[in-house]
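The values are calculated or read from the model by the stated rules, or taken from the named source; none is laboratory data. What you see is a predicted model, and the numbers here were worked out from it, not measured in a lab. Note that each Cβ is placed from the backbone with ideal geometry, even for glycine, and that neighbours are counted across all protein chains shown. For accessibility, only protein heavy atoms count, side chains too; no ligands or nucleic acids. Shrake-Rupley method; radii C 1.70, N 1.55, O 1.52, S 1.80 Å.
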Amino acid sequence: MRLFWLISFSYFLPLDGLSIDEHKQVLEGLIEERTEFDKTVWATEILAQKHEQVFIDLWDRLRISQDKWAVLQQLPFKTIELGQWGPFEHFDLGITSATMAQLTQKRDHSQWIKTIETLKAKGYRLIETEWHHSIFHPPEGDKPPGSVVSFVLHGEALPEFGRFIIRGKLAVQWALNRLEAPQLEKLHVIKATMLNCEEKRFEPVALPSSTVPPTANAATLLALYDLNGDGLSEIIRPNLNLIYWNRGDWQFEPDTFIMKGSDFRGGSLLADFDHDGLTDFLCVEGKEGLLHRYEADEPGLFSTPGVPCGKVGFLRPPSFTAGDIDGDGDLDLWACQYKAPYSSGQMPTPYYDANDGHPFSFLLTTAVVNASLRSRFALQSPDR
């Protein structure tokens, strides 16, 4: 990480015209400055990261393990304090919720292992977990360092108990004299809630196979829309030019979506832009990333080529939404573009600002052609 930071930072330095030795001196100066900051300004943060690594390693092992309970059994600590689940509150669809009481029971590591063995014997299976180091308290004199770690456990125990999600916070007391190689001492679950669904409510439905060109863009773009007005949503994969007609009773029929499609580049929207009662298809096509609109000949049937409907080009496939922004009765368009971080060494700054992508576009429907409404979009504001 430190090397990446140096390379990324040096990308913005005016180093043109410097010799190799001068380049080396600049980088060595950066390293010395960063090392000094790590020892002073960022000392507590560096210490927190070392302790956080224990849970990062735990999470990594849990992710790849087929026996996640065994990984938790191997977590080294001396004692753990757990509470009892309070009364369950019942909701619709067989969902219940409970909170862990503050009154706790202390268990040593051997008792912890037996607790997990009991859960495994009852059929409890851990599917996935999350661990986030939320708070770190550095040591003060004889007081050892401490942390608060937020965790999420997803699992199931079918059919009796169903599926469950446990969210909580774990207070951690670390060994005092193991700052360079942090070691767990005491764990205490200070807060936990559980959601439980008594039975499995969803079953997978296999879609029928379809012939997809081997050169097709396989990125997952998915739309659900009732194109033929029968009250059932079709499944549409624009990037594969594929539609699954919903025939009811979870039966789907694959078909070609756009009869005369072109160079689809991602970013699409289904809506009635010309007020003819038929759903139109708006998308981005070609290297220029121009907007194209496909008019439906009849519900769900697009047999004519798309027509350009604006001069705005998009650098990346945008995310679209539509609404009558100016109150003139026509649908206007809002398009946002994602920008990959770290492109050409650029850091995503400020890191907390989600508005750091390519410029978004606000486009108004502006023209009526040949007495029938034809959607033409003009760029209203290129600002971000």
Query raised in the report: Got a number for residues in segment 275-294 being crowded, with 19+ Cβ neighbours inside 10 Å and not in a strand (DSSP E or B)?
Result: 1
Requested in this report: Looking only at segment 84-101, decide whether some residue is loosely packed, with under 12 Cβ neighbours inside 10 Å and touching a helix residue (DSSP H, G or I) at 6+ places or on another chain (Cβ under 9 Å).
Outcome: no
**Report entry** segment 243-274: number of residues that are at pLDDT below 85, open to solvent by 60 Å² or more (accessible area, probe 1.4 Å) and assigned to a loop (DSSP other than H, G, I, E, B)
**Finding:** 4
Requested in this report: Within segment 15-30, track down each residue that is in a helix (DSSP H, G or I) and either open to solvent by 70 Å² or more (accessible area, probe 1.4 Å) or without any contact (Cβ under 8 Å) to a residue 24 or more places away in the chain (or both).
Outcome: Ile20, Asp21, Glu22, His23, Lys24, Gln25, Val26, Leu27, Glu28, Gly29
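Conditions tested, residue by residue: (1) under 28 Å from the mean Cα position of the chain (by Cα); (2) open to solvent by less than 70 Å² (accessible area, probe 1.4 Å); (3) modelled with pLDDT of 90 or more.
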| residue | (1), (2), (3) |
| --- | --- |
| Glu199 | yes, no, no |
| Ile235 | yes, yes, yes |
| Pro238 | yes, yes, no |
| Asn241 | yes, yes, no |
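Any chance segment 122-133 includes a residue that's of a type in the set (Ser, Thr, Tyr) and either under 23 Å from the mean Cα position of the chain (by Cα) or under 19 Å from Glu198 (Cβ atoms) (or both)?
The first filter runs over segment 122-133 and keeps only residues of a type in the set (Ser, Thr, Tyr), leaving 124, 129.
Checking which are either under 23 Å from the mean Cα position of the chain (by Cα) or under 19 Å from Glu198 (Cβ atoms) (or both) leaves us with 124, 129.
Yes: segment 122-133 contains one or more residues that are of a type in the set (Ser, Thr, Tyr) and either under 23 Å from the mean Cα position of the chain (by Cα) or under 19 Å from Glu198 (Cβ atoms) (or both).
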**Report entry** Residue under evaluation Thr96, criteria (1) modelled with pLDDT of 85 or more; (2) more than 27 Å from the chain's Cα centre (by Cα), criterion not met
**Finding:** (2)
Query raised in the report: Can we say Phe136 is over 13 Å from Lys68 (Cβ atoms), open to solvent by less than 40 Å² (accessible area, probe 1.4 Å), in contact with a Phe, Trp or Tyr (Cβ under 9 Å, 6 or more places away or on another chain) and aromatic (Phe, Trp, Tyr)?
Result: no
Query - Residues of segment 103-118 that turn out to be part of a helix (DSSP H, G or I) and over 18 Å from Phe77 (Cβ atoms), as a count - result: 1
**Report entry** Considering residues of segment 165-180 that are hydrophobic (A, V, I, L, M, F, W, C) and in contact (Cβ under 8 Å) with a residue 24 or more places away in the chain only, the residue nearest to Leu47 (Cα to Cα)
**Finding:** Leu179
Query raised in the report: With respect to Phe164, is the statement that it is at pLDDT 90 or above, farther than 30 Å from Thr96 by Cα and within 26 Å of the chain's Cα centre (by Cα) true?
Result: no
Requested in this report: Give just the number: which of (1) open to solvent by 30 Å² or more (accessible area, probe 1.4 Å); (2) in contact (Cβ under 8 Å) with a residue 12 or more places away in the chain; (3) of a type outside the set (Asp, Glu); (4) more than 25 Å from Leu179 (Cβ to Cβ) does Gln53 not satisfy?
Outcome: (4)
Query raised in the report: Among the residues of segment 68-89 satisfying the criterion of being in a strand (DSSP E or B) and not aliphatic (A, V, I, L, M), which is farthest from Glu156 (Cα to Cα)?
Result: Thr79
Report task. Could you please find all residues in segment 297-330 being closer than 26 Å to Thr256 by Cβ, in contact (Cβ under 8 Å) with a residue 40 or more places away in the chain and assigned to a loop (DSSP other than H, G, I, E, B)? Result -> Pro299, Gly300, Ser303, Thr304, Pro305, Gly306, Phe314, Pro317
Query raised in the report: Restricted to segment 148-184, and to residues that are among the charged types (D, E, K, R) and farther than 22 Å from Gly86 by Cα, which residue is surrounded by the most Cβ atoms within 10 Å (Cβ to Cβ)?
Result: Arg178
